[in-house]
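**Student:** I am attaching a structure below and will ask some questions about it afterwards.
The values are calculated or read from the model by the stated rules, or taken from the named source; none is laboratory data. Just so it is clear, the model here is predicted, and its values are computed rather than measured. For neighbour counting, all protein chains shown are included, and Cβ atoms are generated from backbone atoms with ideal geometry for every residue, glycine included.
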Amino acid sequence: MYTLYFLPGACSLATHVMARELGLPIELVDKRGVADFSRINPVGTVPVLVNGDRVLREGAAAMIHLLEAADSPLLPRSGPARDAAIDAIMFANATVHPAYGRLFFLAKSMAAGPAKAQAMAAAADAVSVLWATVNTRLGEHIFLGGSEPTAADVMLTVYARWNAQFPVTIELGEAVKRMTAAVMARPSFQAGLAEEQARAVA
């Protein structure tokens, strides 16, 4: 049984959804209900995935761990296909996620006014450029891996849901809209959202 420390709507949702996609048992713990979460993760972020005495504190590491634990074909054991799968996971985790992080930082730290609006618009434009890259990679495929959702598809879909939190325009291409809609329609995603709501600390 895995334990996943999460925050509702945060990137930890992707870890939870992927565990469900892979049929792996997982228990959710809202980090806000943990008395001293810094003992689990000194930097205070989620996801944190615990499997026995193994603790993974980065989303990409957690995804790769789950895929390997399930011996999933979505992460081949070797060769160019494995490289491509890891590259897509890292693009989501290390490129797209930090770009949204800048938006969250600006929204929280800057006082309202023209300077904030300009900074937010510039950050949103940078995110839109990344989504254009994803749109090109998808092409006519529903998912980055073809007909089945990959870990990167799930991660990117969680990030795309954050767009509604910002008063700026972030452009998603038609292929990206198709992919995110398909991921969000999957039973694993719907069940993941429902369980987060049920487990959330008020």
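**Student:** How do the pairs read when you match residues in the stretch 99-117 that are in contact (Cβ under 8 Å) with a residue 24 or more places away in the chain with residues anywhere that are outside any helix (DSSP H, G or I) and not hydroxyl-bearing (Ser, Thr, Tyr), using Cβ under 7 Å and keeping only pairs 6 or more apart or on different chains?
**Tutor:** Qualifying pairs under 7 Å: LEU103/PHE166; ALA107/PHE166.
**Student:** Next question. Considering ASP53, ASP125, which residue is in the same structural domain as HIS16 (by TED's automatic domain parsing) and either loosely packed, with under 14 Cβ neighbours inside 10 Å or at pLDDT below 95 (or both)?
**Tutor:** Within the list ASP53, ASP125, the selection yields ASP53.
**Student:** What is the one condition in (1) loosely packed, with under 14 Cβ neighbours inside 10 Å; (2) closer than 12 Å to ALA151 by Cβ; (3) in contact with a helix residue (DSSP H, G or I) (Cβ under 7 Å, 6 or more places away or on another chain) that GLY44 does not satisfy?
**Tutor:** (2)
**Student:** In the stretch 65-81, what residues are more than 21 Å from LEU24 (Cα to Cα) and in a helix (DSSP H, G or I)?
**Tutor:** PRO80, ALA81
**Student:** Residue by residue through the stretch 144-165, note down the ones that are over 17 Å from ALA61 (Cα atoms) and either in contact with a strand residue (DSSP E or B) (Cβ under 8 Å, 6 or more places away or on another chain) or free of Cβ contacts under 8 Å to residues at least 40 places away in the same chain (or both).
**Tutor:** Listed by number, the residues that qualify are GLY146, SER147, PRO149, ALA160, ASN163, ALA164.
The rows are residues; the columns are (1) of a type in the set (D, E, K, R); (2) surrounded by 15 or more Cβ atoms within 10 Å (Cβ to Cβ).
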site	(1), (2)
MET155	no, yes
TYR159	no, yes
ILE170	no, yes
GLU174	yes, no
ALA181	no, no
SER188	no, yes
ALA191	no, no
ARG199	yes, yes
ALA202	no, no
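**Student:** If you don't mind, there's one more thing I want to ask. Could we say that LEU4 is crowded, with 17+ Cβ neighbours inside 10 Å, in contact (Cβ under 8 Å) with a residue 60 or more places away in the chain and in a strand (DSSP E or B) here?
**Tutor:** Answer is no for this residue.
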